[in-house]
Amino acid sequence: MCGIAGLLALPGAAPPDKDELLGMIGVLHHRGPDGQGVWQQGPVGLAHARLSIIDLAGGAQPMANEDGQVLVTFNGEIFNYVELRERLLARGHVFRTTSDTEVLVHLYEDHGPAFVEHLNGQFALALWDARRQRLVLARDRVGIRPLFHARVGGRLAFASEVKALFTLPGLQPRLDAAGLAETFSYWAVCPPRTAWEGVQALPPAHRLIIDVAQGRERLERYWDWPFDASPAPGWSDERWADELRERLVDAVRLQLRADVPVGAYLSGGLDSSIITTAVRRFTDTPLRTFSLTFAEKEFDESGAQQELVRHLDTQHSAIEARGDMIAAAFPRMVRHAEAPLLRTAPVPMMLLADSVRAAGYKVVLTGEGADEAFGGYDLFKEAAVRRFVARQPGSPGRAALLSRLYPYLTHSPMAGRAMTRAYFGAGPERGTEPHFAHMMRAATTRRALGLFHPDWRNRMAAHSPEEALARAVPAGFAQWPALARDQYVEANTLMSGYLLSSQGDRAAMAASVEARYPFLDHRLLEFSCRVPTRLKLCGLHEKVLLRRAFEPHLPASIAARVKQPYRAPDSASFFERAAGAGVDSLRLREETAELLDRAHLRDAGLFDAAAVDKLVAKCRAGRAIGFGDNMAFVGIVSCMWLHRQFVRRRELA
């Protein structure tokens with residue numbers, strides 16, 4: 001895992017120089033502390049910061065083919081590189097290293113820009129073909145690894161993180177109103193838009209090809225979730241379970257490839273339990289596991305974690321994430337996320353990654369992706385119930401189903417009759433709209449928009465996140481099964497834009513740790529798209545097939561455990577007891593209080609200071625118990641840190 005950066009001078013623009021490239025890659029040192037490389041020739045320059053995992057001695061980048069005409073800088077892992085290398089050797093290609101990187105340049109020689117379609121991996125890369133004067137930027141199928149680009153002074157600049165682009169004097173950091181509107185709706189921005197003016201994200205499963213000599217540029221999608229594939233075969237449930245288990249175990253084996261030890265995250269939930277079980281029961285790899293715990297019972301899963309540790313007999317360690325730790329680390333997390341955060345959940349993940357690195361590990365497997373692929377989220381249940389209720393809105397029996405959602409929450413959004421009635425508002429005629437399943441999430445999140453300064457509210461109101469989402473879905477979307485539609489939108493909004501970014505890549509790479517996601521092996525995803533709906537979500541029972549496939553290998557309580565999403569204390573983390581005061585005397589922690597004082601709020605110009613004061617008072621009084629207030633508070637604090645660190649250029653060391 002690494003960081004990449006580069007510049008392409010378009011006709012008439014100044015060629016890049018090495019100092020510029022060194023400046024860009026220098027701020028990505030956390031992504032690659034094991035080495036640094038820069039190459040420049042003619043109109044192009046490539047830079048690389050290396051986290052060495054495969055071929056520790058020979059994998060330095062940028063890397064070229066035999067004649068030096070094809071060069072690549074690459075962030076990620078190609079898990080099927082062994083098989084690809086053997087195939088390329090049989091075709092006469094000559095290799096100088098045993099790295100997965102060298103496979104890329106030779107594969108390009110054979111297939112041109114279509115080479116990315118042969119890769120099983122998680123990657124963001126930039127490849128320069130000097131003979132054809134062609135630059136290819138590409139990103140993995142589901143958006144595990146990031147890649148951003150911007151036009152600066154007649155040149156195309158690109159990098160793993162936005163902060164590298166901001167080292168160039170022609171690009172000033174300014175928050176984007178449309179990007180904020182989308183984030184405060186769906187928790188993430190629909191690519192290619194980002195939270196920053198003038199900066200674009202290369203969307204997942206896309207390649208950008210620039211043929212400089214011809215003056216031609218094209219953006220191509222090379223893969224998509226195949227929910228429109230041929231109908232599912234008429235297999236028995238046992239056959240489906242056997243196929244799933246075999247495919248997931250193969251993905252795990254492939255992602256264990258490394259020349260350094262590989263650990264695993266263990267949350268106590270079904271998904272991470274299955275990954276760790278697959279390692280322990282189906283491979284010879286020693287298993288080292290890492291967990292998060294919380295003092296608050298609502299967030300803590302340590303009991304389930306310990307049960308699985310005993311069951312698998314793993315070498316295990318855990319860290320407790322306290323509120324003061326979350327608040328103290330929040331500015332660092334925002335700097336790495338480079339986007340507004342509406343929850344504090346990425347922060348404990350970053351602290352967990354710190355502990356992984358301190359234990360001498362650079363790589364961990366994680367269970368992310370199972371919910372999107374196999375129907376695990378409460379959002380899917382909620383949407384199914386809403387569609388069911390909408391067909392007979394007066395049925396009290398149908399409405400009662402809503403009370404069975406969110407059993408793990410102390411303050412369930414289904415507890416109040418007014419809230420549950422609001423869930424009936426969308427009738428069946430809206431059931432095929434792309435954002436149907438996400439309407440309630442967006443409505444809750446958007447309550448924070450009222451806290452913005454009127455100027456920003458007006459600018460954000462000019463943009464429709466729903467229309468942006470509607471433009472992003474493929475042809476034929478409305479004809480897919482309802483669950484498939486909900487899965488597709490979730491995978492392309494929350495998963496790629498938040499879970500794999502702020503809570504995934506950015507949280508882990510802040511500690512120079514690579515997270516790997518066996519559930520997101522594209523072969524497994526293609527299989528999941530053909531699984532019958534009844535084997536994903538049956539009534540209110542989620543991930544039916546996944547449970548069935550691994551039930552014999554798990555403790556009974558883990559196999560039957562209801563989905564409990566990973567969460568962390570939100571607004572409460574930023575308050576502390578005043579020394580010597582009564583039990584009801586809370587105050588903002590010093591750094592947050594200073595950030596949210598009226599002078600700083602006026603300087604940033606993002607929020608209505610009086611409205612922020614009211615929200616702070618509500619949180620201080622312990623009355624911010626719902627998702628809306630908590631997300632608003634965290635969103636404000638994160639936006640203020642973005643303004644201070646990037647717009648005002650007061651970055652952390």
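Any read-out appearing in this document is the output of simple, stated calculations on the displayed coordinates, not a laboratory observation. Note that this is a predicted model, so its numbers are computed, not measured. Don't worry about glycine lacking a Cβ; one is built from the backbone with ideal geometry, like all the others, and counts go over all protein chains shown.
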Requested in this report: May I ask for the distance between the Cα centers of the range 1-75 and the range 163-202, given as a whole number of Å?
Outcome: 23
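Run the numbers for A358 and R221: contour at 0.36 nm per residue of separation, minus the present Cα-Cα distance, in nm.
Result for the pair: 45.4 nm of gain on full extension.
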Report summary line: In whole angstrom, the spacing between the Cα centers of the range 249-284 and the range 310-338 equals 20
Query raised in the report: Hey, with R₀ at 22 Å, roughly what FRET efficiency would D110 and D211 work out to, going by the Cβ-Cβ distance, to 0.05?
Result: 0.70
Report task. Evaluate the distance, in nm, between pseudo-label points positioned 7 Å from the Cα of D17 and of A57 along their respective Cα→Cβ axes. Result -> 3.8
Query raised in the report: Which of the pairs K381/K536; K297/K563; K543/K563; K381/K563; K362/K563; K381/K543 have their Cα atoms more than 19 Å apart in this structure?
Result: K362/K563
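As a test, work out the antiparallel percent of DSSP beta bridges whose residues both lie in the chain, rounded to the nearest 5.
Beta bridges within the chain, antiparallel portion: roughly 80 percent.
Could you sort the peptides 243-253, 481-491 by per-residue average Cβ neighbour count (10 Å cutoff), highest mean leading? Each step should come with its number before you reach the end.
Working: 243-253: 19.5, 481-491: 21.4.
With the highest mean Cβ count within 10 Å placed first, the list reads 481-491, 243-253.
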Requested in this report: Evaluate the distance, in nm, between pseudo-label points positioned 7 Å from the Cα of E466 and of M325 along their respective Cα→Cβ axes.
Outcome: 4.2
Query raised in the report: Tell me, in nm to one decimal, what length is gained between W235 and A258 on full extension, where the rule is 0.36 nm per residue of separation less the Cα-Cα distance?
Result: 4.7 nm
Report task. Could you tally the net charge around I636, taking each other residue with its Cβ under 15 Å from the Cβ of I636, Lys/Arg +1 and Asp/Glu -1? Result -> +3
Query raised in the report: Each residue of the range 621-628 in order: what ³J(HN,Hα) in whole Hz does its phi give by Karplus 6.51 cos²θ - 1.76 cosθ + 1.60, θ = phi - 60°, with x for Gly and Pro?
Result: 7, x, 9, 8, 9, x, 4, x
Query raised in the report: Got a sec? Which residues in the range 273-307 would a label at A560 touch, if it sits 7 Å along Cα→Cβ and we count backbone N under 16 Å?
Result: 304
Requested in this report: Can you tell me which of 146-155, 585-594, 3-12 comes out highest on packing, and rank the rest after it, using the mean Cβ neighbours within 10 Å?
Outcome: 3-12, 146-155, 585-594
Report summary line: Q306 neighbourhood, Cβ < 13 Å, K/R = +1, D/E = -1, net charge -3
Report task. Figure the gain on full extension for H541 and E83 (residue separation times 0.36 nm, minus the Cα-Cα span) and round it to one decimal in nm. Result -> 161.0 nm
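Determine the relative contact order of the range 50-201: mean sequence separation of Cα pairs under 8 Å and six or more apart, normalised by residue count, in whole percent.
Relative CO of the range 50-201 lands at 17 percent.
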